[in-house]
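A short reminder: the numbers here are calculations on the coordinates, not readings from a lab. Only a predicted model underlies this, so the values are computations on that prediction, with no experimental measurement involved. No Cβ is skipped: glycine too gets one built from the backbone with ideal geometry, and neighbour counts run over all protein chains shown.
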Amino acid sequence: MANLNVPKIDNRYDNYIGGEWKQSAHGGSCENRNPANHDDLIGVFPESTSEDALAAIQAARAAFDGWRLTPAPKRAEILFRAAQLIVERKEQFARDMTREMGKVLDETRGDVQEAIDMTYFLAGEGRRMYGQTAPSELPDKFAMSLRQPLGVCSIITPWNFPMAIPSWKIIPALVCGNTVVFKPSELTPLSAHNFVRVLEEAGVPRGVVNMVTGGPVIGELLTTHQDVAVVSFTGSTAVGRQVNQNAAPYFKKVHLEMGGKNCIMVMDDANLELALEGCLWGGFGTTGQRCTAASRVIVHDKVHDQFVERFVARAKALRVGDGLDPQTQVGPSISQKQLEKVMSYVRIGQDEGARIACGGNRLTDGSYGRGNFHQPTVFVDVKPHMRIAKEEIFGPVVSVLRCGSLDEAIQIGNDVIYGLSASIYTQDINRAFRAMREMYTGIFYVNAPTIGAEVHLPFGGTKATGNGHREAGTAALDVFSEWKSVYVDFSGKLQRAQIDNNPTALTP
Ligand code: NAD
């Protein structure tokens, strides 16, 4: 049975290894503070060492045989219970999440809901996880393929979807019969803790899920250790590249979901009001801190000026503040470092010759001074070659570019190293389908912003956003299982494939 002992004293939290909540063996601890109010200390979490990560890997390795031999429908029953527990605690989890990473309550409720949806959806695979049967080319021979788990999966996640993204990885890993070592972002350990606690309470056996909190040091061990079979990483492209390089010599299966520089194309026949709504939500939702954020808006010349005037007016009116305040529409940046990155790109954009149409400054007055707040910022006169049009900023900054045609919009849209999400606003079905076919991204929307993925479809990107895998949907099963092809010959004699099925041999 899992150990349900109290995992924390006051606001001091533990790692979860082999079914025990424990402090780091020799590591220190790090504070988790509210990005909307630095005076608000949320908790103190272990700054784990390699020793802790090793113990977690060993616990996951030891639990693997028991878990993989548990029938998949039974594994799924535990996961269904976990989904139900998250439903019951949704509001508290959402509040914890807003406090630790700043996005507004509606959005953190959505994040938790995504974890619920994903858990229900993928637990359903416990009774499906279909393989194939195929006719054999030889008589009295049966052919089939089935999915097998791989072993220990290292799950490394970012801070911007602190419960949804872990669920996208951990739940398919578990339903397929793998065991897990989970390293959440050091910036959002509380949501990770909430999620793991639910798995424990739902009855996931000891050692099947382990969690160690901390930074790159343990991340590196989790990507190189011989007992790790799969590395599933979501984060920046720079770190993803490092993870890929570290894991390559060991031939691990590596699944990477990385950065984005997504665009919304607004055509001259677009429903402009709808496009404005979409660009505001796509650009400034989650304070622009989504991998799918619409940080570029490419607007047709014929409606450009009108669009910009209305977009800027709406961006100026957005209410920035603490995400726990129901009036707030845009929360803080996650950290001082992220805020500084935003401010540095605002300077870069100006130096490159783009013009700030609104925003452009950090907010420091009154209670803003206690958090990482920045004005929603719109750049106009942006040219495709500028860094603000090419690089991921991950903050409340939108660049507006002009185009003279759909072809030009597509050309600009594709001219970045990333390929996660794109969208078009148009009333013309022909344009919509052409753009859908030509945009080299993993996700595409028509008359909707670049954000809004649903859990039952594949999620991921092309180029420097991903390495060919997808998560969510049943595509997630391809990351966390591998195929075994099985042939059963019941002819009672040696039959040689490709040789004994020669048609001439069948001639009486
Ligand atoms: P990050 O790359 O800084 O960190 C991601 C995770 O990697 C963290 O847990 C971090 O501790 C860990 N890490 C850092 N160095 C490591 C190393 N050497 N080895 C192993 N692990 C290491 O990213 P972040 O700031 O947490 O998140 C923001 C980034 O994530 C953005 O670029 C965003 O686009 C991307 N993201 C992508 C998707 C997607 O699905 N494509 C979704 C969400 C976020």
Within region 134-146, is there a residue that is under 23 Å from Thr70 (Cβ atoms) and surrounded by 24 or more Cβ atoms within 10 Å (Cβ to Cβ)? no
Output for region 132-162, where each listed residue is assigned to a strand (DSSP E or B) and more than 16 Å from the ligand (Cβ to nearest atom): Gln132, Thr133, Ala134, Pro135, Lys141, Phe142, Ala143, Met144, Ser145, Leu146, Arg147, Gln148
Tell me yes or no: at least one residue of region 197-211 is of a type outside the set (A, V, I, L, M) and more than 25 Å from Asp65 (Cα to Cα). no
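To keep it simple, each residue is scored yes or no on (1) within 14 Å of the ligand (Cβ to nearest atom); (2) basic (Lys, Arg).
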{"site": "Ser167", "(1), (2)": "yes, no"}
{"site": "Val175", "(1), (2)": "no, no"}
{"site": "Asn178", "(1), (2)": "no, no"}
{"site": "Pro189", "(1), (2)": "yes, no"}
{"site": "Val198", "(1), (2)": "no, no"}
{"site": "Asp227", "(1), (2)": "no, no"}
{"site": "Lys253", "(1), (2)": "no, yes"}
Does region 143-163 contain at least one residue that is under 23 Å from Ile116 (Cα atoms), out of contact with any helix residue (DSSP H, G or I) (no Cβ under 7 Å at 6 or more places or on another chain) and not polar (S, T, N, Q)? no
One residue is enough: does region 300-315 have a residue meeting the conditions more than 16 Å from the ligand (Cβ to nearest atom), among the aliphatic types (A, V, I, L, M), in contact with an Asp or Glu (Cβ under 8 Å, 6 or more places away or on another chain) and in a helix (DSSP H, G or I)? yes
Do we have Gly360 as of a type in the set (Gly, Ala, Ser), under 15 Å from Gly288 (Cα atoms) and surrounded by fewer than 20 Cβ atoms within 10 Å (Cβ to Cβ) here? yes
Where a residue in region 451-473 is more than 19 Å from Asn414 (Cβ to Cβ) and its partner, wherever it lies, is away from the ligand (no atom under 13 Å from the Cβ) and in a strand (DSSP E or B), with Cβ under 8 Å and at least six apart: Gly452/Tyr445
Extreme residue, surrounded by the most Cβ atoms within 10 Å (Cβ to Cβ), among residues of region 229-251 that are of a type outside the set (A, V, I, L, M, F, W, C) and near the ligand (Cβ under 9 Å from one of its atoms): Thr234
Name the residue that is farthest from the ligand (Cβ to nearest atom), counting only residues in region 440-466 that are in a loop (DSSP other than H, G, I, E, B) and surrounded by fewer than 17 Cβ atoms within 10 Å (Cβ to Cβ). Asn447
Name the one entry in Gly395, Gly413 that is within 16 Å of the ligand (Cβ to nearest atom) and within 27 Å of the chain's Cα centre (by Cα). Gly395
Restricting attention to region 472-488, does a residue exist that is polar (S, T, N, Q), touching a Ser or Thr at 6+ places or on another chain (Cβ under 8 Å) and more than 16 Å from the ligand (Cβ to nearest atom)? yes
In the set Asp301, Asp351, Asp305, which member is of a type in the set (Asp, Glu), surrounded by fewer than 19 Cβ atoms within 10 Å (Cβ to Cβ) and closer than 21 Å to Ala422 by Cβ? Asp301
Requiring at least 3 residues that are out of contact with any Pro (no Cβ under 9 Å at 6 or more places or on another chain), within 12 Å of Ile298 (Cβ to Cβ) and touching a residue at least 24 places away in the same chain (Cβ under 8 Å), the helices (runs of 4 or more DSSP H) wholly within region 321-430 are 406-414
For region 200-225, give me the residue count where each residue is near the ligand (Cβ under 7 Å from one of its atoms) and not hydrophobic (A, V, I, L, M, F, W, C). 5
Restricting attention to region 375-389, does a residue exist that is over 12 Å from Ser295 (Cα atoms) and hydroxyl-bearing (Ser, Thr, Tyr)? no
Here is a check on your reading of the model: is Arg387 surrounded by fewer than 17 Cβ atoms within 10 Å (Cβ to Cβ) and either within 24 Å of the chain's Cα centre (by Cα) or within 16 Å of the ligand (Cβ to nearest atom) (or both)? yes
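Take the residues of region 327-341 that are in contact with a Leu (Cβ under 7 Å, 6 or more places away or on another chain) and not aliphatic (A, V, I, L, M): which is nearest to the ligand (Cβ to nearest atom)? Explain how you work it out, then say what you get.
Here is the first cut: in region 327-341, the residues in contact with a Leu (Cβ under 7 Å, 6 or more places away or on another chain) are 329-330, 333-335.
Okay, now just the ones that are also not aliphatic (A, V, I, L, M), so 329, 333, 335.
Working: Gln329: 21, Ser333: 11, Ser335: 9 Å.
Filtering first and then ranking leaves Ser335.
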Residue satisfying all of: in region 147-176; of a type in the set (Gly, Ala, Ser) and in contact with a Ser or Thr (Cβ under 8 Å, 6 or more places away or on another chain); nearest to Leu54 (Cα to Cα) among these: Ser154
Would you tally the residues in region 269-296 being buried (at least 23 other Cβ atoms within 10 Å of the Cβ) and either within 15 Å of the ligand (Cβ to nearest atom) or part of a loop (DSSP other than H, G, I, E, B) (or both)? 15
